1. Connecting C-alpha atoms closer than 10 Å in a GNM of the chain, tell me which of Ala278, Ala44, Ala65 has the biggest fluctuation.
2. Within 10 Å of each candidate Cβ there may be at most 14 other Cβ atoms; applying that plus a DSSP loop requirement, which trypsin sites (Lys or Arg not before Pro) in the stretch 141-207 survive?
3. With only Lys, Arg, Asp and Glu charged, each at its Cβ (+1 for the first two, -1 for the last two), find how big the charge dipole of the chain is about the Cα centre; round to the nearest 20 debye.
4. Would you kindly state how much longer the chain becomes between Asp111 and His294 on full extension, computed as 0.36 nm times their sequence separation minus their alpha carbon distance, in nm to one decimal?
5. Sort 214-221, 139-146 by packing, meaning the average of other beta carbons within 10 Å per residue, with the highest value first.
6. Considering only C-alpha atoms, what is the centroid distance from the stretch 5-74 to the stretch 183-212, in Å?
7. Suppose R0 equals 30 Å; then what is the FRET efficiency for Ser276 and Asn62 from their Cβ-Cβ distance, rounded to the nearest 0.05?
8. Take the Cα gyration tensor of the stretch 10-79, multiply each eigenvalue by 5, square-root it, and list the three semi-axes largest first, rounded to whole angstrom.
Amino acid sequence: MKRLAIALQSIRRESANGTGYALGWFLRRFHLRFVHKRWPCLAAPDDADRARPITVVIPAINKDADVLDHCLQSVREHLVHPLAALWIVAPESPRIRALAEKHGATLVPEDTILPRPAKDLGTRGWVLQQLIKLNAAHHVPTAEYLVLDADTVFLKPQCFFRRGREVLRYSDQYELLYNRSLELVFGDRRRFPVSFVTHHMLFNVAAVRALLARMEQRFSRPWWEAILHEVDKGHLISFSEYELYGHQVLRDPALRKRVSLEYWNGWDLDGRDLPSLADLRASAPATLNTFSFHRHTQ
């Protein structure tokens, strides 16, 4: 009943853009959540897809160390692409540095990736990590980079290209609080009928830079200032880098032609479930891509 109520509320909200738009929005939501989710009919990746090199960027802090160990191991085991670089972006931490050495990753000081030193930005936690993910577009050595939350573990082989198209994964999550930030950035109330909050995403460098340029033009200030002073407004869940990126791609006809939508097939878990990882893995459906062990639920 809760899902039905949310769907009806969403349809009423989208009706502000016209009845035809609202109907099309609902039909696409139904298709993506109930049809494409179960029968994706996606082209299988070919050798050229698997051979595309990417950079992996994982923002982290010291409390992520336990699950980060499994996260890094899963990248090494399951990512089918050549790794141009595997970056852990974090404050200096002996524990995280040891994990980087263990898994052949590079510990990158967060201040070298952030648009300004962390102490000058006046924010920490989730917001700071989102700034890292977006500004990495100015630093990575590849045309695409995979952003991965430190609490997320891959469960099977992962390929992020389909016959040359970039995979854009979507989920069932639909946080209404993101509507305000999307409206601020894109200038209208239209929202894609599914969520892009999947706890990992392949970012195209050119698309991210176009998103940042859009924010700077719209707010007449540096993009990171726009996020901190216009979009975030001090509320920790008022915007999402994944939602902003997904909407940037799908609102641009040229970018949209370059992606294939794919259901994320992930499970959101509690951080306290981590000791049961082996049992969870053994009982997980074969279609499952990820576990995410969220600390904010503790």
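None of the figures in this text is laboratory data; all of them are computed from the coordinates on show. What you see is a predicted model; the values in this text were computed from it and never measured. Neighbour counts are summed over all protein chains in view; Cβ atoms, including those assigned to glycine, are modelled from backbone coordinates with ideal geometry.
1. Result: Ala278 has the largest fluctuation of those listed.
2. Of the trypsin sites (Lys or Arg not before Pro), the ones in loops of the stretch 141-207 whose Cβ has at most 14 other Cβ atoms within 10 Å are Arg163, Arg189.
3. Using only the charged Cβ atoms, the result is roughly 1040 debye.
4. 63.4 nm
5. Highest mean packing first, the order is 139-146, 214-221.
6. 11 Å
7. For R0 = 30 Å, the calculated efficiency reads 0.85.
8. Semi-axes (√(5λ), whole Å): 37, 21, 12.
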